[in-house]
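To keep things clear, I will list the structure first and then write my remarks on it.
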């Protein structure tokens with residue numbers, strides 16, 4: 001497991017257009033995914049301990065975001081024969097296990113992860129209604145132990161975006177396992 005941090009991407013960067021299928025074969029286009037107030041994009045997988053630790057938070061934040069008309073999509077770039085736990089059939093199990101009610105997409109070619117310049121799982125992006133990046137960083141200040149979280153940066157960014165307030169430009173990178181590039 002190689003630990004990496006997300007790289008700095010300029011705020012205001014437009015969301016890359018993409019079309020991917022979920023583990024069930026249903027196709028999604030980025031333009032259709034954006035909610036009335038924005039879109040949370042999470043590059044993640046099933047096997048990485050960092051991703052596994054924050055999956056429940058991602059599911060809750062997605063539900064929270066719905067109330068603010070912010071949609072969520074998760075994208076798995078680790079479709080690699082060396083990591084069978086990340087295969088689409090295992091994604092279906094993860095969807096059922098966690099009650100994921102938003103698209104969890106398969107980036108088999110890794111072109112979408114590359115277009116976003118994603119580095120790790122999880123790698124988190126929040127785009128506003130104009131498809132501009134407003135937040136790229138960690139979920140909170142303690143990935144390992146949710147009981148010890150003192151600052152929820154992503155939730156704060158979502159609240160500020162939905163309310164039309166400024167989002168703190170000081171953003172801490174997400175960290176996790178490196179994407180398993182082919």
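Since every read-out is calculated from the coordinates, none of them should be taken as a lab result. Remember, predicted model here, so these are calculated numbers, not experimental data. Glycine gets a Cβ as well: all are built from the backbone with ideal geometry, and neighbour counts include every protein chain shown.
Scan the stretch 157-182 residue by residue and report those that are out of contact with any strand residue (DSSP E or B) (no Cβ under 9 Å at 6 or more places or on another chain) and either farther than 17 Å from residue 120 by Cα or free of Cβ contacts under 8 Å to residues at least 24 places away in the same chain (or both). Matches in the stretch 157-182: 159, 163, 164, 165, 166, 169, 170. Of the numbered criteria (1) in contact with a strand residue (DSSP E or B) (Cβ under 9 Å, 6 or more places away or on another chain); (2) buried (at least 16 other Cβ atoms within 10 Å of the Cβ); (3) not in a helix (DSSP H, G or I), the one residue 140 fails is (1).
With respect to the conditions (1) surrounded by 14 or more Cβ atoms within 10 Å (Cβ to Cβ); (2) touching a helix residue (DSSP H, G or I) at 6+ places or on another chain (Cβ under 8 Å), residue 87 lacks only one, and its number is (2).
Restricting 75, 92, 100 to those that are closer than 14 Å to residue 43 by Cβ and in contact (Cβ under 8 Å) with a residue 12 or more places away in the chain reduces the list to 75.
If you take the residues of the stretch 150-171 that are assigned to a loop (DSSP other than H, G, I, E, B) and surrounded by 15 or more Cβ atoms within 10 Å (Cβ to Cβ), which of them is farthest from the chain's Cα centre (by Cα)? Residue satisfying both the conditions and the ranking: 167. Candidates are the residues of the stretch 93-117 that are more than 26 Å from residue 66 (Cβ to Cβ) and surrounded by 15 or more Cβ atoms within 10 Å (Cβ to Cβ); the one that is nearest to the chain's Cα centre (by Cα) is 117.
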